[in-house]
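One structure is given here, and the rest of the page talks about it.
The values are calculated or read from the model by the stated rules, or taken from the named source; none is laboratory data. Here the structure is a predicted model, which is why all the values come from computation and not from measurement. With ideal geometry, Cβ positions are generated from the backbone for all residues, glycine too; neighbour counts draw on all protein chains shown. SASA here: full protein model, heavy atoms, side chains in, ligands and nucleic acids out. Shrake-Rupley method; radii C 1.70, N 1.55, O 1.52, S 1.80 Å.
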Number of protein chains: 2
Amino acid sequence: MNSYHLDYPLEVDSDIKNLMANAFGALVHEKEQGVTGYYNLPEESGLIVEEIKKRELDQKFDRIVVIGIGGSSLGTKAVDHFLRYKKVHRPIYFLENPDPVAIRHQFEQIPKENTLFIIVSKSGTTIETISIFKTALAHYKIDLAKDNEQLMVITDIDSPLHLFAQEYGIESFAIPKNVGGRFSVMSAVGIVPLSIAGYDTLGFLEGAKGMFERFFMLHEEHILQKAAFIYKNWQQYSMNVLFSYADELENFNKWYVQLWGESLGKKDPAGNPVGTTPIAHIGSVDQHSFLQLVMEGPKDKTLTFICIENFEEEIAIPDISLPHLAKTDFVNGALFNRLLNEECKATMESVKGQGVPTDKIVLPFINEDSIGELMAYYELLTSLVGAMFGINTYNQPGVELGKQILKTRFMQK
Amino acid sequence: MNSYHLDYPLEVDSDIKNLMANAFGALVHEKEQGVTGYYNLPEESGLIVEEIKKRELDQKFDRIVVIGIGGSSLGTKAVDHFLRYKKVHRPIYFLENPDPVAIRHQFEQIPKENTLFIIVSKSGTTIETISIFKTALAHYKIDLAKDNEQLMVITDIDSPLHLFAQEYGIESFAIPKNVGGRFSVMSAVGIVPLSIAGYDTLGFLEGAKGMFERFFMLHEEHILQKAAFIYKNWQQYSMNVLFSYADELENFNKWYVQLWGESLGKKDPAGNPVGTTPIAHIGSVDQHSFLQLVMEGPKDKTLTFICIENFEEEIAIPDISLPHLAKTDFVNGALFNRLLNEECKATMESVKGQGVPTDKIVLPFINEDSIGELMAYYELLTSLVGAMFGINTYNQPGVELGKQILKTRFMQK
């Protein structure tokens with residue numbers, strides 16, 4: 001299990017207790033009424049893992065291509081990237097952004113033979129995803145009738161994409177209607193490709209399930225306190241910065257930014273704009289980039305440090321002293337694992353000295369369980385802050401206008 | 001040449017005119033007095049390119065490894081990543097973060113034979129860089145006396161690393177004393193590895209030089225106006241968000257975040273913390289992540305859109321209509337180049353409708369000239385805002401404390 005250390009200056013008075021109790025109640029209500037279905041995914045998706053295990057067809061595949069964008073790819077990428085040191089059966093490639101240079105580059109790397117293409121889109125009509133899918137059909141000369149075993153679809157039941165898949169006998173997996181893209185990593189969206197790749201997705205779901213269960217049994221009160229602090233002070237601390245001490249967390253960072261920004265950047269019931277801005281960095285490299293601003297700039301940020309206790313990769317800094325460079329010898333003989341974690345602690349201490357509210361999350365290992373729990377934790381935290389703001393955490397009305405303008409621009413020319 | 005379209009609600013009254021004139025004067029002073037040396041790099045570094053061209057030794061190398069962190073690697077990475085579609089002579093690998101999993105992964109990919117290792121550190125004693133260098137020495141069994149042709153050093157004159165290089169006859173290039181890491185991409189720091197890799201670094205320097213020259217001839221007044229708006233409204237618009245519409249700009253985004261955050265997050269002469277927070281995203285993918293917050297959340301951000309007019313990679317969306325998916329056919333036949341740029345325009349339009357101050361930078365091509373100019377532009381903008389704040393744009397006192405704490409932690413145990 002991960003550990004969570006909250007160091008926010010929060011006085012838990014009766015006001016805060018009420019705020020926390022109400023938000024907790026709101027999440028219980030959401031779960032019971034099915035306002036959102038993500039709380040139940042760790043249990044439900046066990047069946048998907050079983051189903052995948054039975055698919056003998058997958059033995060044929062050497063690699064997986066996920067065609068999807070935003071909530072349809074970020075969660076899968078986060079888990080895949082976090083665990084990339086593991087030897088899996090099949091690497092996953094992502095066709096995501098409609099950048100022609102990137103698409104060409106990917107096409108050159110990926111052969112058609114023995115490749116499983118998984119098209120992921122909740123609505124089934126995401127313009128980037130369907131356009132890239134069509135391009136892949138043309139580039140790889142995929143015959144929809146004959147090559148349908150190499151295709152798979154993950155989408156809402158009865159979406160246009162689902163109907164398309166049925167037409168050609170393409171296997172499809174459903175996303176529960178009440179699970180939005182950014183909360184969907186524990187649905188088929190993440191579980192299908194990650195299971196076929198060879199990850200221990202049951203372990204991933206177990207990690208998440210434990211967190212959800214403990215939370216709803218009120219055994220993870222620190223999440224309520226963190227949400228209360230962020231909500232109460234959101235106008236002063238308008239940015240929530242994640243400092244993740246591991247390259248492997250880079251795509252988790254991106255997943256967090258989407259989860260937070262798209263869920264909480266909303267108009268509240270009174271019509272006022274609310275929401276804090278998520279920012280995510282990698283330690284120690286970004287100490288050389290962002291730390292100066294945190295230390296001496298405006299005190300408008302909270303900082304969350306994530307570190308990994310045990311990388312299971314024992315590389316030591318050699319105990320050699322180079323002429324003129326003895327100044328750096330104080331780390332000689334230490335594992336990089338330790339250097340990274342001491343950098344995390346030293347940075348946290350220096351930042352706290354400046355009065356910056358900080359908290360820390362420690363993952364014991366780089367494994368499925370710890371990332372599953374971490375993602376569940378962030379989903380809960382997001383839902384709690386959303387409940388405190390009184391907003392709809394699960395929609396994204398603000399992105400529609402751009403889509404309409406895009407369509408109009410194409411129609412006119 | 002790039003084009004710049006400023007759409008900020010700035011009324012240029014006498015107050016603003018004075019502000020701009022004073023900041024411009026400050027930069028002229030910096031340049032003339034050598035407060036910072038970056039303005040002169042495009043001219044000075046032409047000699048480095050010539051010198052590199054003469055090195056016959058480089059023909060032996062198949063790849064380059066840059067060992068450096070922060071300002072010692074971000075600029076080089078930004079240019080290399082931007083131009084990665086080009087066929088260069090030698091790929092560049094970066095050993096940057098002290099993450100043991102990442103280091104192992106890189107070591108497995110990089111053979112010793114025919115590899116040039118370039119160690120970059122301005123101070124010469126950066127703890128991550130020297131530790132990774134020592135680890136590379138041990139892993140590759142590099143004999144400092146015999147293998148010195150495979151090593152190169154880029155550092156300050158007379159730094160400990162420079163003295164070390166002299167001791168072993170390792171070639172070294174100097175960083176001018178008055179050029180800080182984050183402003184050093186046009187010095188040897190960027191020019192040496194990029195030239196050996198095979199990029200047109202003269203074109204890169206030309207792009208930058210043109211921008212500096214036009215600016216100091218007062219032909220790029222829009223930069224002054226943008227700086228004035230950011231400075232005047234920094235407490236309302238506390239975040240400056242970059243939306244770059246190309247995967248190839250991802251590392252440029254990171255370079256921008258360091259340049260801006262570390263330069264401008266400071267205490268002003270009165271001791272007050274100042275500075276806006278840089279945030280950087282990639283379009284269109286991050287429309288599915290960050291746009292909702294920009295549209296409906298607090299109006300505390302300015303947005304800069306960067307797009308590329310001509311990707312020179314002509315992939316068209318096939319003109320095929322799939323059953324049930326006709327809704328997406330309106331982009332059929334269009335180039336992805338166009339889809340991406342129309343998304344940029346549509347998003348910009350929708351965001352402007354919400355009263356968000358926006359500006360747009362258009363790069364005509366993905367080439368050395370356009371990225372050189374863009375980097376020069378951002379350096380000037382940063383210096384101008386720093387001058388308006390009355391801060392020292394070029395130091396970073398806030399990161400020292402963490403380094404001291406780190407050392408103490410290691411000394412104690």
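Things to note:
- Size of the B/A contact, given as accessible area buried on both chains, probe 1.4 Å, in Å²: 10400
- Rounded percent of accessible protein surface that carbon and sulfur make up, the stretch B:38-199, 1.4 Å probe: 49
- Global geometry of the stretch A:38-199, whether rounded, prolate or oblate, following the gyration tensor of its Cα atoms and the 1.5 cut on a/c: rounded
- Residue mean of other protein chain beta carbons inside 10 Å, B:252-258: 3
- Taking all protein chains into account, the per residue accessible area for chain A stands at 35 Å² (1.4 Å probe).
- Residue A:216 label point (Cα plus 7 Å toward Cβ) to equivalent points in the other copies: 6.7 nm, shortest first.
- Rolling a 1.4 Å probe over the protein chains gives residue A:74 an accessible area of about 10 Å².
- Cα gyration tensor, the stretch B:1-54 - rounded (a/c under 1.5), prolate or oblate: oblate
- Apportionment of accessible area to carbon and sulfur, the stretch A:299-413, percent (1.4 Å): 49
- Cα gyration tensor category, rounded, prolate or oblate, for the protein assembly as shown with a/c compared to 1.5: rounded
- Surface accessible to a 1.4 Å probe, residue A:48 within the full protein complex, Å²: 30
- Averaged over the residues of A:389-398, the number of partner chain Cβ atoms lying within 10 Å of the residue Cβ comes to 2.
- Between helix B:250-264 and chain B there is an angle of about 90 degrees, using the helix long axis and the longest principal axis of the Cα atoms.
- Set A:77/A:112; A:232/B:232; A:112/B:87; A:60/A:407; A:17/B:352; A:77/A:327 screened for pairs whose C-alpha atoms are more than 31 Å apart: A:60/A:407; A:17/B:352; A:77/A:327
- Residues losing 40 Å² or more accessible surface upon assembly, the stretch A:290-318, compared with the chain by itself, 1.4 Å: A:292, A:293, A:296, A:298, A:313, A:315, A:318
- Nearest 10 degrees, 0 to 90: helix B:127-139 Cα axis against chain B principal axis: 50
- With θ taken as phi - 60° and the Karplus curve 6.51 cos²θ - 1.76 cosθ + 1.60 applied, the whole-hertz 3J(HN,Hα) list for the stretch A:404-410 is 5, 4, 4, 4, 4, 4, 6 Hz, x standing for glycine and proline.
- For A:347-353, mean number of other protein chain Cβ atoms within 10 Å: 4
- With only the Cα atoms considered, chain B has a convex hull volume of 179 Å³ per residue.
- When both bridge partners sit in the protein assembly as shown, DSSP labels roughly 15% of those beta bridges antiparallel.
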